[in-house]
Amino acid sequence: MRTLITGGAGFIGSHLCERFLAEGHAVVCVDNFITGRPGNIHHLVEHPKFRVIVHDVSKPLYVDGLLDNVLHFASPASPVDYQKSPIQTLKVGSLGTHVTLGIAKAHGARYLIASTSEVYGDPEVHPQTEAYWGNVNPVGERSMYDESKRFAEAMTVAYHREHGVNTHIVRIFNTFGERMRLDDGRVLPNFVGQAFRGEPLTVYGDGSQTRSFCYVSDLVDGIYRLLNSDYHLPVNLGNPAEMTILEFAEEILRLTGSHSRIVYKPLPADDPRQRKPDISLAKRLLGWEPKVSREEGLRRTIEHYKRKLAAK
Ligand SMILES: NC(=O)c1ccc[n+]([C@@H]2O[C@H](COP(=O)([O-])OP(=O)(O)OC[C@H]3O[C@@H](n4cnc5c(N)ncnc54)[C@H](O)[C@@H]3O)[C@@H](O)[C@H]2O)c1
């Protein structure tokens, strides 16, 4: 088996590369390193079945040889990253999805696109099921990301319906783990970085907004199962254990042993009030549910950051 993974040098992409190599696949990683890091795949480059193509996947790409699977994970993913590069984000969700669907069609490969819980916007339905169509501001400060993913889903189902491509759509809810950049602006690396530096932890709003955090190995397992299923409509993957951001800040303080204070800043525009996946479909369809508790995942992630900082 040979698998193409775009965004393979990113946080989730690098874990996917590892998993597919472990399953015996040859892996072609395509990345332009806009938010990914060579260090994320450094340990894989000597692997005889691993190949890296440095390329912007919003531009045409020809891949020689057979391909069995195409996974499109390239996209800036944190609000700091996508708000810094709004046009690149829209392009990789639209043109990049078109390019990668074309590759899957040409090779007769299975296809899987990384969509997001952000397609639900600031949800009026809680928890979010796949049947909910969302509440997204098309011109808001997060629209470059949310709308590019909504377009990507539409393009993916169109390729399935018009060309019969064997497509899959995963709606990923907040995922965390080793190799998230400490400076990527997402809540977990923000809190951990601040806790390590002894700085106050910044909570936006009053901290009552909720999130649910899934450990990366669980997500990767769900993606692997979904790719090998015969289901073509979107599937939520995430951990339904919901907590407030304030509770999360307190958990990070406890697990890092930090005595930092918590400070409050105004809530950014269009920040979702609540986030919790309904994973009944994934349970029924894939026999999947998260296995690693949030606390265990956080311990592993914090240890990873400690080792990285100690090695500097
Ligand atoms: N991490 C999460 O919690 C989460 C939640 C929902 C969806 N997702 C989706 O999962 C995917 C991976 O997210 P991540 O958290 O690993 O982010 P990341 O920023 O760590 O990884 C994204 C990777 O894509 C690459 N990339 C971006 N644009 C590219 C382009 N035009 N051509 C080639 N490579 C490009 C980046 O360099 C990076 O290596 C994204 O599509 C994201 O939208 C992630």
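The values are calculated or read from the model by the stated rules, or taken from the named source; none is laboratory data. Please read all numbers here as calculations on a predicted model, not as lab measurements. Here the Cβ positions follow ideal geometry from the backbone for every residue, glycine too, while neighbour counts run over all protein chains shown. We work out accessible area using only protein heavy atoms, side chains counted, and drop any ligands, DNA or RNA first. Shrake-Rupley method; radii C 1.70, N 1.55, O 1.52, S 1.80 Å.
Sort 106-114, 27-35 for me by packing, meaning the mean count of neighbouring Cβ atoms within 10 Å per residue, highest on top.
On the way: 106-114: 21.2, 27-35: 22.8.
Packing proxy ranking, top to bottom: 27-35, 106-114.
Counted by Cβ distance under 9 Å from Trp288, the other residues give a net charge of -1, where Lys and Arg count +1 and Asp and Glu count -1. Taking amide H as placed 1.01 Å from N in the peptide plane, Arg275 has its amide H under 5 Å from the amide H of Thr210, Arg211, each at least 5 places away in sequence or on another chain. Ranking Leu298, Ser280, Ala311 by Cα position along the charge dipole of region 270-312, where only Lys, Arg, Asp and Glu carry charges on their C-beta atoms, puts Ala311 farthest toward the positive end. Within the accessible area of region 181-312, the carbon and sulfur atoms contribute 50%, probe 1.4 Å, all protein chains present. Which whole number in µm²/s is D for region 46-199 by Stokes-Einstein, with the Kirkwood Rh taken over Cα pairs at 10 °C and 1.306 mPa s? The diffusion coefficient I find is 93 µm²/s.
Counting only protein heavy atoms and a 1.4 Å probe, the chain has 43 square angstrom of accessible area per residue.
Over its Cα atoms, what ratio of radius of gyration to 2.2 N^0.38 Å does the chain give?
Working: Rg = 18.7 Å, N = 312, 2.2 N^0.38 = 19.5 Å.
So the chain has a normalised radius of gyration of 0.96.
Which of the helices in the chain, when you take each full DSSP H run, stretch at least 18 Å along the axis at their Cα atoms and have an average Kyte-Doolittle score of 0.5 or higher? It would help to have the intermediate numbers written out before the result.
Values: long enough: 86-107 (31 Å, 0.41); 143-163 (28 Å, -1.05); 294-311 (25 Å, -1.46).
Qualifying helices: none.
For the ranges 292-301, 133-142, what's the packing order if you count other beta-carbon atoms within 10 Å of each residue, average per peptide, and put the highest first? Write down the numbers at each step before the final one.
On the way: 292-301: 16.4, 133-142: 14.0.
Highest to lowest by the protection proxy: 292-301, 133-142.
Applying a threshold of 30 Å to the alpha-carbon distances of Lys265/Lys306; Lys84/Lys276; Lys105/Lys276; Lys49/Lys308; Lys149/Lys276 flags Lys105/Lys276 as lying beyond it. Each of Glu289, Glu178 has its accessible area taken with a 1.4 Å probe; listed largest first, they run Glu289, Glu178. Average 1/r across all pairs of distinct alpha carbons in region 110-235, invert it, and you get the Kirkwood radius: 16.5 Å.
Please give the charge dipole size of region 111-223, origin at the Cα centre, charges +1 on K and R Cβ atoms and -1 on D and E Cβ atoms. Round to the nearest 20 debye. Display every interim value, and only then the final one.
Values: 10 positive and 16 negative charges, 37 e Å.
It works out to roughly 180 debye.
Could you check how many percent of all C-alpha pairs in region 150-303 are farther apart than 27 Å? Mind dumping the intermediate values first?
Working: 3704 of 11781 pairs.
When all Cα pairs of region 150-303 are counted, 31 percent exceed 27 Å.
Remark: region 153-312 carries a charge dipole of roughly 440 debye about the Cα centre, counting +1 on each Lys and Arg Cβ and -1 on each Asp and Glu Cβ. Can you grab the distance from the C-alpha centre of region 39-70 to the C-alpha centre of region 183-215, Å, no decimals? If you average the Cα positions of each part, the centres end up 33 Å apart.
The length gained on full extension between Val54 and Leu233, counted as 0.36 nm times the residue separation minus their Cα-Cα distance, comes to 61.4 nm. Scaled against 2.2 N^0.38 Å for its residue count N, the alpha carbon radius of gyration of region 101-163 is 1.28.
If one computes the Cα centroid of region 81-155 and of region 1-32, what distance in Å separates the two points? Rounded to whole Å, the Cα centres lie 20 Å apart.
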